[in-house]
Each structure stands twice: as C-alpha cells, then as structure tokens.
1. Here is a list: L159, L173. Which entry is over 16 Å from K76 (Cβ atoms), free of Cβ contacts under 8 Å to residues at least 24 places away in the same chain, in a helix (DSSP H, G or I) and not charged (D, E, K, R)?
2. Just the residues that are assigned to a helix (DSSP H, G or I), within 27 Å of A14 (Cα to Cα), touching a helix residue (DSSP H, G or I) at 6+ places or on another chain (Cβ under 9 Å) and not hydrophobic (A, V, I, L, M, F, W, C), please, taken from region 103-138.
3. Within region 33-68, can you find the residues that are under 17 Å from S107 (Cβ atoms) and loosely packed, with under 14 Cβ neighbours inside 10 Å?
4. Please work out which one of (1) more than 18 Å from L60 (Cβ to Cβ); (2) among the hydroxyl-bearing types (S, T, Y); (3) part of a helix (DSSP H, G or I); (4) touching a residue at least 24 places away in the same chain (Cβ under 8 Å) is the condition Y167 fails and give its number.
5. Looking at the structure I just gave you, is V95 in contact with a helix residue (DSSP H, G or I) (Cβ under 8 Å, 6 or more places away or on another chain), part of a strand (DSSP E or B) and surrounded by 15 or more Cβ atoms within 10 Å (Cβ to Cβ)?
6. State all residues of region 18-65 that are outside any strand (DSSP E or B), under 10 Å from W99 (Cα atoms) and in contact (Cβ under 8 Å) with a residue 12 or more places away in the chain; if no residue qualifies, say none.
7. Conditions first: (1) of a type in the set (G, A, S); (2) within 22 Å of H154 (Cβ to Cβ); (3) within 23 Å of the chain's Cα centre (by Cα). S75 passes all but one, so which condition is the exception?
Amino acid sequence: MSEEKKHKIGEATAPYKDVILFVVALLCAHFFWKFTVIADEHGGPVFWFGMDISKPFDVLSAHIASVAYQLIHLSKDTIHYIEPYTLRFDTGYAVIIVWSCTGLKQSFIWLVIMLTARGDWKRKLWFIPLGFVCIYLFNLLRVTAIAMVMEHHHELFELFHSYIFKYLFYFMLFMLWVWWTERIGRPKSTPLETDN
C-alpha cells in the first residue's frame, strides 16, 4: 500500500479512532475471556489457563444473591434465600446466581477498554474504580430485576437474562466510555489568545 493511500485512510478514520479503539478493546477482551475462562454456565468450578479461580466467583455470587434477596424482601415476603446462591419464590420458581452473574467479566472488559483508551492516567486512577462501582450496581439491579420477573413470568427469563439486560449492560459500558472520552478524559482546552 502506498504512503498516499495510508495517509488517506488515516485521514478518513481519524474521527473514528476512539470508537474503533473501543470496539477492538471490547472484542479482544470479550474473546480473551471467552477462550481462557472455562466453566459451565450453570455453575461449578471456574478455570483460567487450567488454574481453579472459583473462589472469587463463589464469594461474589453468594454476595450478590444475598443482597438481591434483601432488596426484593423489602417489598415482597414471598422470596426465600437458600444459601449460598439460590433465591426461591413461593410460586416454586427459583434463580441460582452462578459465576457468570457476578459482573466480573464486564469489569474485566471495562478495565481493558480503559487501559487502551486515550486520556490522562491520573484521571483513569479514579474513573476506572468508578466504572467498577457502576458495573456492580447495574449488575445488582439486573440480577434483582431478573429474579423478580421469575416469580410470576418464568417464561420471560431467557429474554431478560440473555438479551435485554445483556445488551443494556454493554450499552452502559459504552455510555461510561463516552462519558470518559467526551468529558473526563479530554485534556483541558487552553483559552484562545486574544489580540489587545
């Protein structure tokens, strides 16, 4: 490819450089996770390059199940918490919070996105943890809402779990990144010099 063509391609893609970087980082993180973190989607041990890394997933799954139970129990006494991971309703339907419900994958993707994003590292030091907090809170909302749907509309579980909240999760990550790119991560502009 000639230098002139490279230059034209560079000029044409320049306005989209951050978006392209976001998509590449997201896809690389997603597929790295998909091919290196091995576990049954319905529970059981979690392995990374052959090492058992189940403990943090187990602890976080139990925590999320407990907090989701407490949130739902504020308005409903038809829910029961069966330690460590199960929420069961009086209707007989239950939700089991497994390793993939922890938000750790989304936190990993967020970290990769932010490590590859342009911007001041001092600001990243507080913005990355802020993103983790947002991911945790959104995940808690997601698990709680899906559990509440299960009580009377178990047939909608797959729709909410695998589609609606999955894509809302990635939309939330995108919006956090937009906030970073457009507001927080941008260098402060210098005031224009005026002629006196």
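1. Values: L173 fails: free of Cβ contacts under 8 Å to residues at least 24 places away in the same chain.
Only one candidate qualifies: L159.
2. Once the filter is applied, which keeps residues that are assigned to a helix (DSSP H, G or I), within 27 Å of A14 (Cα to Cα), touching a helix residue (DSSP H, G or I) at 6+ places or on another chain (Cβ under 9 Å) and not hydrophobic (A, V, I, L, M, F, W, C), region 103-138 yields T116, R123, K124, G131.
3. Correct list: K34, T36, W48, K55, P56, V59.
4. The number of the failed condition is (4).
5. yes
6. E41, H42, S54, P56, F57, D58, L60, S61, A62, listed by residue number.
7. With respect to (1) of a type in the set (G, A, S); (2) within 22 Å of H154 (Cβ to Cβ); (3) within 23 Å of the chain's Cα centre (by Cα), S75 is out only on (3).
No lab work stands behind these numbers, since they all come straight from the coordinates. Keep in mind that this is a model prediction, so the values were computed, not measured. In this analysis, Cβ positions are derived from the backbone assuming ideal geometry, glycine residues included, and neighbour counts consider all displayed protein chains.
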